[in-house]
Amino acid sequence: MGATLRALRALVLLAGFYLLGFVMLGALAAVDWAFAEAGVGALTAKIWFISALVALPIVQGMFALRTPKDEPPPGVTVTPEGEPALWAAVRELAERTGTRAPDEIVLTGDVNAAVAEDTRLLGLLPGRRRMYVGLPLMAGLSEPQLRSVLAHEFGHYTHHDTRLTAITLRGRRQVMRTVANLHERSQAKAAKEQARLEKKNAKRIARGKEAAVVDPGSAGLSYRLAAKPFLWYGTFYLRASQGVARQQELAADLAAARVAGRDATASALREIPALDAAHDFYMQSYATLGTGAGLLPPPGEVFGGLRRLLAARAAELDELRAGLPVQEQSPYDSHPPIAERVARIEELPDDGRGPAGARPALALLTDPARAFAELEGAVLTPEAQRLGRAADWPDLVHRSMLWQAEQDAEPLRRAVAETHGGDGSLAAFLDAADAGRLWQLADLLPKSPEAQAATGRAAREFARPQLRARLARLVTAELARQSRARWELSWTDAARLRLPDGHEAWLKQALDAAVNDVPDTTELRRLLTPAA
């Protein structure tokens, strides 16, 4: 389907939304006119009243909503003077795909590349172009793979997809926002009626009468009825518009393979799902590890540290690349399944352009470390930027894990303070255990529903693992404060608590002894003595 036909289709779909509203209003007017002609006076007035109730939300849905402008993703805008190699590559790709180069390049903090165009007249007239390139995406791709991704985006420019997006998105959003607005108004009407009935009930109870059943009934029904046709049309609209979007993606893939090469395009398509998964894991497990303790990684490492994870977990990423995610095709998907896209590209004839020996995509940047640092200033929230910075990754891991150990031990500290007094320190716990209050402490710790229901010996067996785990965190925090224990960073596994040689086994025995039916704190006290 050519650009002209796609534009016409998008306009027809958008016009259909407003046409639906006019048809509904026309049907109501026809019913009102028919009853007026029939001359049934009292009934006609009621019908007109009901029609007005239904027509009001339809008119509100069609015209009372203003589609908000998209907020562009935060990032760092780079100039041709600041990043000449990146701009040169982008301009070359634009020329080879037969389209106009973007007016701006913005580096973002996600695993993505995208294009946008500030069009006019619902996308019929071209406007300022913007290309977004994620630094984490560049961190995981080679230069040929990145060129393939950017050529794919230029394919959207070539097929005028970015200009048509304004029409398609406007229709999609208008339908969805109309349905949501009508449901919100329906719920507001129902809530208002509910509040009125509850207030009336309160007065009945105050007069000594029985409370009536509170049921808002048909309150807001007219809004719900008005929403149904728009919801039906929205379903049709999504199926139609997303089908076009999937064809646009396949056409852009072919443009990328033509410009950047078959192998680079196929390998980039394989790489992106694996890279996306690695980035999510990195952000959750490393970049934000210390936020609870008020810490961020060193400057430039919030996003830049992903490179360390990718280097350390190369074998795991190879497995992800080899096994593409299995997806069932839905008529509402905007992209075809990645496995289908890869298969289509790999079926193309070999063009002799292999990606072997290619340099990393980050080589296109003048100073990648500076770019990662500048990105933090543009992307991180003001609250995040006020957090402290760790000296390095090992420092971040140790301080973050120590803070977490303190948090995990806090319920035990409170139990000690409540049962035995004092500051809830480890020394106070040992004194409380020696005084025979161990199971009183255990009883104050958080319990599962099963533990709460248990009695006698069973209750103690439920409590023991919880007590031991909290005690272990209290002990390791104390050892860390004495500089006799330290959590070590690992890019391939969870952080590990490192104790002096032989202390791991000693600590296990000491903890077991401390939570016996008859607690023995001797070994634990010896372990905690610095001279030991």
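Taken along the Cα-to-beta-carbon direction at a fixed 7 Å, the label points for ARG258 and ASP318 span 3.6 nm. Annotation for ALA469 and THR529: the two label points, set 7 Å from Cα along the Cα-Cβ direction, are 3.2 nm apart.
As a calculated quantity, the FRET efficiency between PHE49 and SER425 at R0 = 56 Å, using C-beta atoms, amounts to about 0.15. Per-residue SASA remark: THR79, around 70 Å² accessible (1.4 Å probe; ligands, DNA and RNA not included). Calculated FRET efficiency, LEU445 to THR77, Cβ-Cβ distance, R0 = 56 Å: about 0.60 to the nearest 0.05. Take TYR18: with every protein chain present and a 1.4 Å probe, its accessible area is about 50 Å².
Taking all C-alpha pairs of the range 377-532, those more than 23 Å from each other amount to 45 percent.
Could you size up the charge dipole of the range 335-401 around its Cα centre, putting +1 on the beta carbon of Lys and Arg and -1 on that of Asp and Glu, and report it in debye to the nearest 20? Please report the intermediate quantities before stating the final value.
On the way: 8 positive and 11 negative charges, 46 e Å.
The calculation lands at about 220 debye.
With a 1.4 Å probe rolled over the protein heavy atoms of all chains, the accessible area of PHE236, PHE372 falls in the order PHE236, PHE372, largest first. Here TRP439 sits with roughly 50 square angstrom of accessible surface, probe radius 1.4 Å.
Here the spin labels are modelled as points 7 Å beyond Cα on the Cα-Cβ line, and at SER285 and GLN385 they lie 3.1 nm apart.
Length gained on full extension, ILE338 to THR455, computed as 0.36 nm times the residue gap minus the Cα-Cα distance: 36.6 nm.
The values are calculated or read from the model by the stated rules, or taken from the named source; none is laboratory data. Since this is a predicted model, take the numbers as computed values, not measurements. Methodologically, a virtual Cβ is constructed for each residue, glycine included, from the backbone with ideal geometry; neighbour enumeration extends over all protein chains shown. With ligands, DNA and RNA removed, areas are computed over all heavy atoms of the protein, side chains included. Shrake-Rupley method; radii C 1.70, N 1.55, O 1.52, S 1.80 Å.
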